[in-house]
Amino acid sequence: MKKLMDSEETTNTRIIKKMHAQIERCKIDLQKDPSNPDLHVRLGDIYIKWHLDIYNAGQYVDEAITEYQLAMESLLNSHEIYYKLGTAFYYKGDMDKALNYFTTALEKKNDYYDAYYMIAETFIKKAHFTDAIDAATAATQCSWLGSSSAHYLLYKLYEASSFKDTKLKIKALWEKMISFLLISFDKTAIKNIARGLSYLA
């Protein structure tokens, strides 16, 4: 038992050291080129990954937002930077700002699956379930093969509201079946499964 705990501690220490090294490398590169948007995005991504892997909320999400905002000064027309900002605000718990950024991402690219999916997730957090269904449905129309996560979200939404409604129960089962059939094509679904398994380990 002690060996297992020591092994887990060693693994966590390695992850922390690796992330510290990545952060320091980005900071050094930014000292040489402080207005480089790609470096700001990379650093923001590391902070978000740090938040998701270590779950040390607050400081790292705020720092990710700062880096993405610095990158946005040069990337005003990039749908991805608005999406990344929306995701950071989602993790911070500011759902209104998250929605604003996801909506702007869609204005830049109107068939952006990830933005629709995160809008659906955000509406769920706000308990706007009809809007969440609309957004998840729009996501499935943007990326059919890669839409397992959106179909699974629809399954959960229909299942939650299917009490004494046979049609919704059938819809829920249909969405669940599609989500399982498409799971191997969906990067988001695979990441969520991997993250879930790492928490169980």
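Which ones in region 45-85 are at pLDDT below 90 and small (Gly, Ala, Ser)?
Ala57, Gly58, Ser74
Does region 61-77 hold any residues that are part of a helix (DSSP H, G or I) and open to solvent by less than 60 Å² (accessible area, probe 1.4 Å), and which are they?
Those that are part of a helix (DSSP H, G or I) and open to solvent by less than 60 Å² (accessible area, probe 1.4 Å): Val61, Glu63, Ala64, Ile65, Glu67, Tyr68, Ala71, Met72.
Condition first: modelled with pLDDT under 75 and crowded, with 17+ Cβ neighbours inside 10 Å. Can you find one or more residues in region 9-26 that meet it?
No, the conditions are met nowhere in region 9-26.
Does region 156-201 hold any residues that are under 19 Å from the mean Cα position of the chain (by Cα), modelled with pLDDT of 85 or more and surrounded by 20 or more Cβ atoms within 10 Å (Cβ to Cβ), and which are they?
Listed by number, the residues that qualify are Leu157, Ser179, Leu182.
Any residue at all in region 96-104 that is surrounded by fewer than 21 Cβ atoms within 10 Å (Cβ to Cβ), out of contact with any Gly (no Cβ under 7 Å at 6 or more places or on another chain) and of a type in the set (Val, Ile, Thr)?
Within region 96-104, one or more residues are surrounded by fewer than 21 Cβ atoms within 10 Å (Cβ to Cβ), out of contact with any Gly (no Cβ under 7 Å at 6 or more places or on another chain) and of a type in the set (Val, Ile, Thr).
Using beta carbons and a limit of 6 Å, which pairs, at least six apart or on different chains, have the first residue in region 64-89 and closer than 22 Å to Gln31 by Cα and the second one part of a helix (DSSP H, G or I) and open to solvent by 40 Å² or more (accessible area, probe 1.4 Å)?
Listed by first residue and then by second, the contacts come to Tyr68/Lys84.
The values are calculated or read from the model by the stated rules, or taken from the named source; none is laboratory data. Remember, predicted model here, so these are calculated numbers, not experimental data. Glycine also receives a Cβ, built like all others from the backbone with ideal geometry; neighbour counts cover every protein chain displayed. Protein only, heavy atoms only, side chains kept; ligands, DNA and RNA dropped before computing areas. Shrake-Rupley method; radii C 1.70, N 1.55, O 1.52, S 1.80 Å.
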